[in-house]
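Single-structure report; data block below.
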Amino acid sequence: MTLADTGTRVRPAAEAQLLDGLRTIGSDIAGMIPSDVPAAEFWTDRKLHYKLVSPLNRRKFTVIVVGTGLAGAGCAAALGELGYNVEAFTFHDAPRRAHSVAAQGGINAARGRKVDGDSLARFVKDTIKGGDFRAREVDAWRLAEESIRVIDHMDAIGAPFAREYGGQLATRSFGGVQVSRTYYTRGQTGQQLQVAASQALLRQVARGSVNLHTRTEMLDLIVEDGRAAGIVARNLITGEITAHTAHAVVLATGGYGNVFFKSTLAKNSNVTAAFRAHRRGAYFANPAFIQFHPTSLPVSSEWQSKTILMSESLRNDGRIWVPKTPGDTRDPNTIPEEERDYYLERRYPAFGNLTPRDVASRAARDEIVAGRGVGPLKNAVYLDFRDAIGRLGRKVIEERYGNLFEMYTDATGEDPYVVPMRIAPGAHFAMGGLWNDYDQMTSIPGLFVGGEAGWGYHGANRLGANSLLSACVDGWFTLPYAVPHYLADLLGSPKPALDAPEVAGALDDARGGVERLTAIGGTQGPDRFHRRLGDLLYQHCGVSRDGELLAEGIRSVQALREEFWSDLRVQGQTDGFNQELERAGRVADYLDMAELMCLDALDRDESCGAHFRTEHQHPDGEAKRDDENWRFASAWERGADGRYIRHQEPLEFVSVPLETRNYK
Amino acid sequence: MKLTLQIWRQDSAASEGHYEDYLLVGAGPEFTLLEALDKLNDQLVSEGKEPVAFDSDCREGICGSCGITVDGRPHGPVEKTPSCRQHLRSFADGSTVRLEPFRNGSYRVVRDLAVDRSGLDRIIKAGGYASIDAGTAPDADAHHLTHEKAEYALDMAACIGCGACVAACPNGSANLYVGAKLLHLATMPSTKAERSTRAKEMVRVAEEEFGPCSLYGECVDVCPAGIPITAIAGVNREKLRQVLRGMAD
């Protein structure tokens, strides 16, 4: 037996030493109140025990909601409907533009209407298994239960879900499941849900229950007596930095995938709000868990601003291959059959080209690293429809994938009906995020989190079509119960005064932070650092990781950070619309975030789902989980000595027994 | 490629604007127009000059954040395509391309190429929603919506809110935008109860914020979502229906 098969390994001394310099091990933490209630009934029981605020008292409370994506818009609208004063913030010019808008495939719901064997229990099983047993089981049960009325609600507020000819809701299947539970609106599901949610939000704005601040970015969290008491925000048009206080704060600010620069995320998606809350004491959970989508378009030029996602449904008919000979630059159509390696079909005969995202991404990366990558930059693999067109005819392929083929042509200028598509793994969904307990509350009382900004539900890996669901459930049907439960105890206490010392302190810090960036007066703009950071992370903390690479990654990130703080140039003024200044602040946070990601990846000495440590694999190359030592969520706290403290939330799996994922 | 970019520079809504010429070198035909601006900005920053401000976000044609006028045409030379998906291959090497903000009386310039399109949201705020609270919706399968009607609603709901229709219109009218939303919501069974009130209020605010429509149809050519011109007829239809019915629904 080789070292790679043993599961547990002795950490090399250099790696252990680096880790010890960066982190200490803290106490275990609990994400839920201990209870004898079975997982399936946990949510019902919890709702029964939540404290309520009477309708007449609700207007005495102010809640800040940052972000107006599916989770944020839903939460702000729902709390507004209930009668709370809501202050909603978005850095966009309109709430509809949040990045939830870009999700294509669909939204899962365990309605179980068909006779295909779906049920709440099966939904939970698929979700837990898809998350490679690194998510909290009771959360998945809640997600399943609320998924049913989320569909009703989104339909009612205007999302035109696809319908069967008889008028009933239509469903389709999605990766990682064997039932049909995905509700959709063509390839625009995210857009339609987001537009419906932002309309519901604007309805509350018209009613006066929500005060919406557009083009306003959160710079800091205000903490008073250990509780979240408000935020510091910058008006992006005037540059004015102001404090806003409230009884509770909800962060629904999305994921941190843009730390990779070239990701499938929108350009402005960032980690600043969550990371600054983390600096104020909120634990950050499982930052190493990033999903790499296997069918992104490869980077074609140095100046490419992001990666574009092609729907993974293309893998139903497209065959993935690379030339067997490294460095083969021939026109793909002239490469004979026997010189092609259909490596997914070879390695995974049962699932073939439809292996889960992490498996397909890893396999593509292996081919590229081995020198068999294709395209001008040798950074892609082929996704070939030649055989499908030959078998089914061009017309059928056009009907199935026409819009995606057009999108590809539009992006690359190549015709995929004639030349195989080039695809590559791209950084996509963040599965880590601010740690939160079962009530969506972070380690700072009064600070709640929803959607991709949190860490829940999905764990190390994730099912497509569960992310729109989790954002909708958090916003409409979880936070509106949990936030009032917290507020109920605060009845009679006013929201913090604007002249409180903590407020003034946070304001000073935020203003100082801006000055610190502009005072450097170096030579390089923030984007240059961001691009380099992204390359570095792809290399060291990407699709596959190992201890040595990660250790090197940490040192490189630290060096880049040092260079950033000595050579950054922020062009322009601070008292107006200044996109360079916005970017500079975000890149400063990305640099710290990247270090934490590498640290978490180095620390987690196992493979699980998308976190693949090459030291931990089964003989067949699959991820080898280590449940004995790592069956917990890591929740990182920033210690006073500059080191991180790792807290552990042990994870229990009762209704879905631990098993090894197998897609062969 | 080598291009001369003639770009509108304006510090803020309160200041005067002017064009400035910039030489962009080393760009490729595969660059999007916005990536060309990214490269130009990198060049400007390294020379200690002010980079060009412009709005963009998803860069996949769905968020509606981006929007610039290219050689007098909102979004650029390729029809029904947002700015983020316009590529330099549309331009001849060595040519001059003029970039300016979306022009419309109700769009204030925020800075350079970024404009304020909040008027579009004020139209939605006037009634472009369904008055249904969380947790009160009936079973979505309890009402039927035929496949054809659902597809039609989706055609109308496809608007990404970029506001190019308004910028392209000689009248500065937002009727394509308003009509699409009215027809989308009028088709959905759950949102019909306030159909007339919605038409009345949305049309009122649209006329206050933007202008009337003379059916030029230029909006349709630039719409990245492919909203059809029949959406414009929807404005009159829904308004007339409201007048004749004289009821809230």
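The values are calculated or read from the model by the stated rules, or taken from the named source; none is laboratory data. As the structure is a prediction and not an experimental result, all values here were calculated from the model. All Cβ positions, even for glycine, are placed from backbone atoms using ideal geometry, and neighbour counts span all protein chains on display. For the accessible areas, the whole protein counts, side chains as well, though only heavy atoms, and no ligand, DNA or RNA atoms are used. Shrake-Rupley method; radii C 1.70, N 1.55, O 1.52, S 1.80 Å.
What single numbered condition from (1) of a type in the set (A, V, I, L, M, F, W, C); (2) open to solvent by less than 10 Å² (accessible area, probe 1.4 Å); (3) in a helix (DSSP H, G or I) fails to hold for A:V63?
All conditions pass for A:V63, except number (3).
For A:G176, all conditions in the list (1) part of a loop (DSSP other than H, G, I, E, B); (2) closer than 26 Å to B:K192 by Cα hold save one; what is the number of the exception?
Answer for A:G176: the failing condition is (2).
Looking at (1) away from every other protein chain (no Cβ under 14 Å); (2) touching a residue at least 24 places away in the same chain (Cβ under 8 Å); (3) out of contact with any helix residue (DSSP H, G or I) (no Cβ under 7 Å at 6 or more places or on another chain); (4) surrounded by fewer than 24 Cβ atoms within 10 Å (Cβ to Cβ), find the lone condition where A:I148 falls short.
(1)
Which of the residues spanning segment A:258-290 are farther than 25 Å from A:S443 by Cα and touching a Phe, Trp or Tyr at 6+ places or on another chain (Cβ under 7 Å)?
If the condition is that a residue be farther than 25 Å from A:S443 by Cα and touching a Phe, Trp or Tyr at 6+ places or on another chain (Cβ under 7 Å), then A:F260, A:N268 are the ones that fit.
Mind telling me which of the residues B:D57, B:D112 ends up being without any contact (Cβ under 8 Å) to a residue 12 or more places away in the chain and open to solvent by less than 10 Å² (accessible area, probe 1.4 Å)? Walk me through it before giving the result.
Values: B:D112 fails: without any contact (Cβ under 8 Å) to a residue 12 or more places away in the chain.
Testing whether each residue is without any contact (Cβ under 8 Å) to a residue 12 or more places away in the chain and open to solvent by less than 10 Å² (accessible area, probe 1.4 Å) leaves just B:D57.
Just checking, does segment A:599-610 include any residue being assigned to a helix (DSSP H, G or I) and free of Cβ contacts under 8 Å to residues at least 24 places away in the same chain?
The answer is no, given that none of the residues of segment A:599-610 is assigned to a helix (DSSP H, G or I) and free of Cβ contacts under 8 Å to residues at least 24 places away in the same chain.
Just checking, which of A:G513, A:G521 is open to solvent by 20 Å² or more (accessible area, probe 1.4 Å) and at positive phi?
The unique qualifying residue is A:G521.
Check whether at least one residue in segment A:515-530 is at pLDDT below 95 and either polar (S, T, N, Q) or in contact with a Pro (Cβ under 9 Å, 6 or more places away or on another chain) (or both), and report yes or no.
Checking segment A:515-530: not a single residue is at pLDDT below 95 and either polar (S, T, N, Q) or in contact with a Pro (Cβ under 9 Å, 6 or more places away or on another chain) (or both).
Please give the number of the condition B:P138 fails out of (1) within 7 Å of another protein chain (Cβ to nearest Cβ); (2) closer than 27 Å to B:S83 by Cα.
Condition (2) is where B:P138 drops out.
Do we have any residue at all in segment B:83-90 that's surrounded by fewer than 24 Cβ atoms within 10 Å (Cβ to Cβ) and farther than 29 Å from B:N171 by Cα?
For segment B:83-90, residues surrounded by fewer than 24 Cβ atoms within 10 Å (Cβ to Cβ) and farther than 29 Å from B:N171 by Cα: present.
Which condition breaks for A:V232 when tested against (1) among the aliphatic types (A, V, I, L, M); (2) within 14 Å of chain B (Cβ to nearest Cβ); (3) more than 21 Å from A:D474 (Cα to Cα); (4) touching a residue at least 24 places away in the same chain (Cβ under 8 Å)?
(2)
For segment A:307-319, give me each residue that is surrounded by 16 or more Cβ atoms within 10 Å (Cβ to Cβ), in a helix (DSSP H, G or I) and not small (G, A, S).
A:E312, A:L314, A:R315
For residues in segment A:163-184 being facing another protein chain (nearest Cβ under 7 Å) and open to solvent by 10 Å² or more (accessible area, probe 1.4 Å), which is nearest to A:D474 (Cα to Cα)? So that I can check it myself, show each step before the final result.
Taking segment A:163-184 as the starting set, the residues that turn out to be facing another protein chain (nearest Cβ under 7 Å) are A:163-165, A:167-169.
Of the ones still in play, those that are also open to solvent by 10 Å² or more (accessible area, probe 1.4 Å) are A:164-165, A:168-169.
Working: A:E164: 28, A:Y165: 32, A:Q168: 26, A:L169: 23 Å.
Per the stated criteria, the residue is A:L169.
For segment B:148-155, does any single residue satisfy the condition of being surrounded by fewer than 16 Cβ atoms within 10 Å (Cβ to Cβ), under 20 Å from A:A200 (Cα atoms) and out of contact with any helix residue (DSSP H, G or I) (no Cβ under 8 Å at 6 or more places or on another chain)?
No, because not a single residue in segment B:148-155 is surrounded by fewer than 16 Cβ atoms within 10 Å (Cβ to Cβ), under 20 Å from A:A200 (Cα atoms) and out of contact with any helix residue (DSSP H, G or I) (no Cβ under 8 Å at 6 or more places or on another chain).
Quick check on this structure: which one of A:R142, A:R111, A:R134 is touching a residue at least 40 places away in the same chain (Cβ under 8 Å), open to solvent by less than 10 Å² (accessible area, probe 1.4 Å), touching a helix residue (DSSP H, G or I) at 6+ places or on another chain (Cβ under 6 Å) and among the basic types (K, R)?
Values: A:R111 fails: open to solvent by less than 10 Å² (accessible area, probe 1.4 Å); A:R134 fails: touching a helix residue (DSSP H, G or I) at 6+ places or on another chain (Cβ under 6 Å).
Of the residues listed, the single one that is touching a residue at least 40 places away in the same chain (Cβ under 8 Å), open to solvent by less than 10 Å² (accessible area, probe 1.4 Å), touching a helix residue (DSSP H, G or I) at 6+ places or on another chain (Cβ under 6 Å) and among the basic types (K, R) is A:R142.
Would you say A:F577 is buried (at least 19 other Cβ atoms within 10 Å of the Cβ) and of a type outside the set (S, T, N, Q)? Can you show your working first?
Details: buried (at least 19 other Cβ atoms within 10 Å of the Cβ): yes; of a type outside the set (S, T, N, Q): yes.
When the stated conditions are applied, A:F577 passes them.
Being open to solvent by less than 60 Å² (accessible area, probe 1.4 Å), of a type outside the set (S, T, Y) and in contact (Cβ under 8 Å) with a residue 60 or more places away in the chain is the filter here; which residues of segment A:320-355 pass it?
Matches in segment A:320-355: A:I320, A:W321, A:V322, A:P332.
When the residues of segment B:35-45 are filtered to those that are facing chain A (nearest Cβ under 7 Å) and touching a Lys or Arg at 6+ places or on another chain (Cβ under 9 Å), which remaining residue is nearest to B:C84 (Cα to Cα)?
Restricting to residues being facing chain A (nearest Cβ under 7 Å) and touching a Lys or Arg at 6+ places or on another chain (Cβ under 9 Å), the top hit is B:E35.
Is it the case that B:I132 is facing chain A (nearest Cβ under 8 Å), among the hydrophobic types (A, V, I, L, M, F, W, C) and buried (at least 23 other Cβ atoms within 10 Å of the Cβ)? It would help to see each step written out before you state the result.
Working: facing chain A (nearest Cβ under 8 Å): yes; among the hydrophobic types (A, V, I, L, M, F, W, C): yes; buried (at least 23 other Cβ atoms within 10 Å of the Cβ): no.
The answer is no for B:I132.
Need a quick list: helices (runs of 4 or more DSSP H) entirely within segment A:383-501 having at least 3 residues that are open to solvent by 40 Å² or more (accessible area, probe 1.4 Å). Lay out the reasoning, then the answer.
Working: elements: A:386-392, A:394-412, A:467-473, A:479-488.
Helices (runs of 4 or more DSSP H) meeting the threshold: A:386-392, A:394-412.
Only one of A:T242, A:T238, A:T295, A:T272 is β-branched (V, I, T) and crowded, with 24+ Cβ neighbours inside 10 Å. Can you tell me which?
Numbers: A:T242 fails: crowded, with 24+ Cβ neighbours inside 10 Å; A:T238 fails: crowded, with 24+ Cβ neighbours inside 10 Å; A:T272 fails: crowded, with 24+ Cβ neighbours inside 10 Å.
Result: A:T295 is the single residue among A:T242, A:T238, A:T295, A:T272 that is β-branched (V, I, T) and crowded, with 24+ Cβ neighbours inside 10 Å.
Out of (1) facing another protein chain (nearest Cβ under 8 Å); (2) open to solvent by 30 Å² or more (accessible area, probe 1.4 Å); (3) outside any loop (DSSP other than H, G, I, E, B), what's the single condition that is false for A:D155?
Tallying (1) facing another protein chain (nearest Cβ under 8 Å); (2) open to solvent by 30 Å² or more (accessible area, probe 1.4 Å); (3) outside any loop (DSSP other than H, G, I, E, B), A:D155 fails exactly one: (2).
So which residues in segment A:202-221 are part of a strand (DSSP E or B) and either among the basic types (K, R) or more than 19 Å from A:V271 (Cβ to Cβ) (or both), if there are any at all?
Initially, segment A:202-221 is screened for residues part of a strand (DSSP E or B), giving A:210-213, A:216-221.
Once the filter is applied, which keeps residues that are part of a strand (DSSP E or B) and either among the basic types (K, R) or more than 19 Å from A:V271 (Cβ to Cβ) (or both), segment A:202-221 yields A:V210, A:N211, A:L212, A:H213.
Conditions (1) away from chain B (no Cβ under 14 Å); (2) more than 16 Å from A:N270 (Cβ to Cβ); (3) touching a Lys or Arg at 6+ places or on another chain (Cβ under 6 Å); (4) in a helix (DSSP H, G or I), marked per residue:
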residue: A:I554; (1), (2), (3), (4): yes, yes, no, yes
residue: A:A559; (1), (2), (3), (4): yes, yes, no, yes
residue: A:S566; (1), (2), (3), (4): yes, yes, no, yes
residue: A:F577; (1), (2), (3), (4): no, yes, yes, no
residue: A:L591; (1), (2), (3), (4): yes, no, yes, yes
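Taking the residues in segment A:605-648 that are touching a Phe, Trp or Tyr at 6+ places or on another chain (Cβ under 6 Å) and of a type in the set (D, E) as candidates, determine which candidate is least open to solvent (accessible area, probe 1.4 Å).
Filtering segment A:605-648 for residues that are touching a Phe, Trp or Tyr at 6+ places or on another chain (Cβ under 6 Å) and of a type in the set (D, E), the one least open to solvent (accessible area, probe 1.4 Å) comes out as A:E606.
State whether one or more residues within segment A:593-610 are within 14 Å of chain B (Cβ to nearest Cβ) and in contact with a Leu (Cβ under 6 Å, 6 or more places away or on another chain).
Going residue by residue through segment A:593-610, those that are within 14 Å of chain B (Cβ to nearest Cβ) are none.
No, that holds for no residue.
Could we say that A:A196 is buried (at least 21 other Cβ atoms within 10 Å of the Cβ) and farther than 29 Å from B:D116 by Cβ here?
Against the criterion (buried (at least 21 other Cβ atoms within 10 Å of the Cβ) and farther than 29 Å from B:D116 by Cβ), A:A196 does not qualify.
If you scan segment B:13-31, which residues turn out to be in contact with a helix residue (DSSP H, G or I) (Cβ under 9 Å, 6 or more places away or on another chain), part of a strand (DSSP E or B) and either among the hydroxyl-bearing types (S, T, Y) or facing another protein chain (nearest Cβ under 10 Å) (or both)?
Within segment B:13-31, B:Y22 is the sole residue that qualifies.
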